[in-house]
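Take a look at the structure set out below.
The values are calculated or read from the model by the stated rules, or taken from the named source; none is laboratory data. Treat the numbers as computed from the prediction; the structure is a model and nothing was measured. Counting neighbours? That spans all protein chains shown, and the Cβs are built from the backbone with ideal geometry, glycine included.
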Amino acid sequence: MLIVLIAAWRAIGFTLPLLAGIFLLYAAFGPLMPDWFFPHRGYDWQRIVSQTFLHSQGVFGVALRVMFTYVFLFVLFGTLLSQTGATDFVINFARRVFRGSAGGPAKVAVLSSGLMGSLSGSAVANTATTGTFTIPLMRSAGFRP
């Protein structure tokens, strides 16, 4: 549990691990709470860890199963589009459309992401396929991340 909290802290900051820590402490020390602070009978650490990790609502529950079942397929489809050259076609089409216009790289990124998103259906696959080209293109044009 501590490893998951540390990984979340390093990935997205301290807010989510802080809230999770507060809720975990509340679950463990509920019987010690005053009457005005919603006391409960409390849970032991074994039950908290079991609910957090092993049950269907925990870390290794439905969300992880959906990610490995469906998101994996969308990313695989995006990689297939990238390897067959469909991504290059979409990006080159967008570059031809916005050649010479102000803010061209940003418009290329928006159009190519929209076209790839309509093909792949996944934001993760879209970013993995078009972002590898459009993000450096926008940075070289002077856009800030």
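Entry remark, the range 94-126: residues being surrounded by fewer than 19 Cβ atoms within 10 Å (Cβ to Cβ), within 23 Å of the chain's Cα centre (by Cα) and modelled with pLDDT under 80 number 3 in total. The helices (runs of 4 or more DSSP H) falling completely within the range 64-145 that include 3 or more residues that are under 30 Å from residue 52 (Cβ atoms) and either out of contact with any strand residue (DSSP E or B) (no Cβ under 8 Å at 6 or more places or on another chain) or free of Cβ contacts under 8 Å to residues at least 24 places away in the same chain (or both) map to 72-84, 123-140. Condition check for residue 83 on (1) closer than 30 Å to residue 140 by Cα; (2) surrounded by 11 or more Cβ atoms within 10 Å (Cβ to Cβ): one failure, at (2). The residue that is modelled with the lowest pLDDT, counting only those in the range 25-45 that are under 21 Å from residue 5 (Cβ atoms) and part of a loop (DSSP other than H, G, I, E, B), is 42.
All of 48, 22, 6 fail the test of being aliphatic (A, V, I, L, M), assigned to a helix (DSSP H, G or I) and touching a residue at least 24 places away in the same chain (Cβ under 8 Å), apart from 48.
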